[in-house]
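Engineer: Next up is a structure, given as structure tokens.
The values are calculated or read from the model by the stated rules, or taken from the named source; none is laboratory data. Because the structure is a prediction, the values reported are computed rather than measured. Glycine gets a Cβ as well: all are built from the backbone with ideal geometry, and neighbour counts include every protein chain shown.
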């Protein structure tokens with residue numbers, strides 16, 4: 001009887017412990033605003049001439065995503081083009097026109113009973129991702145006994161050309177490059193061992209394009225190139 005009573009108590013203790021552990025488990029949700037990279041001239045006043053620009057082709061010319069199993073869709077180039085249009089508009093130095101949604105715009109104009117009066121662009125801005133790469137490096141302290149670390153790095157270089165649509169002349173060119181790095185460390189078995197963070201691709205691309213657009217505005221304002 002004594003052994004049976006002790007066994008019952010042990011089972012009850014295990015059940016109680018499991019119940020407490022389950023009760024102690026919870027899911028935590030959180031959110032926060034993440035500051036995004038903006039051009040230097042964002043929200044600044046400008047009294048000069050605002051010429052009309054259209055963003056043309058933006059292609060991935062790097063070796064990244066160009067292998068045997070890559071698709072025909074230029075995802076990196078498309079991502080870069082979207083980022084470029086946003087930053088150009090935020091400079092407050094150009095009139096940026098959209099040519100990718102003409103059918104939608106035409107339909108909406110018809111629904112409004114109005115005729116479109118599209119503005120022609122004097123300049124086309126084309127771009128290329130000339131270099132892009134990423135790597136993961138790691139280290140161990142005392143053969144991993146005291147912990148290990150991992151550093152994820154992404155690098156991008158872009159080239160932008162502004163072309164006069166009437167003459168085909170490249171009136172301005174610039175390049176910019178950037179690097180993003182994310183470090184993560186596990187100490188004596190505690191901590192995370194994250195895989196490669198794909199958001200680094202977008203962050204480093206955004207950083208490089210932001211710098212290139214800053215070059216365009218800087219050289220426009222110091223007279224290195226002019227618009228008509």
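Engineer: How many of the residues making up the stretch 23-74 are modelled with pLDDT under 90 and not in a loop (DSSP other than H, G, I, E, B)?
Structural biologist: Going through the stretch 23-74 one residue at a time, the tally reaches 2.
Listed here are the residues, each with its yes/no results for (1) surrounded by fewer than 17 Cβ atoms within 10 Å (Cβ to Cβ); (2) under 30 Å from the mean Cα position of the chain (by Cα); (3) at pLDDT 95 or above.
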| residue | (1), (2), (3) |
| --- | --- |
| 121 | no, yes, yes |
| 137 | yes, yes, no |
| 143 | yes, no, no |
| 164 | yes, yes, yes |
| 176 | no, yes, yes |
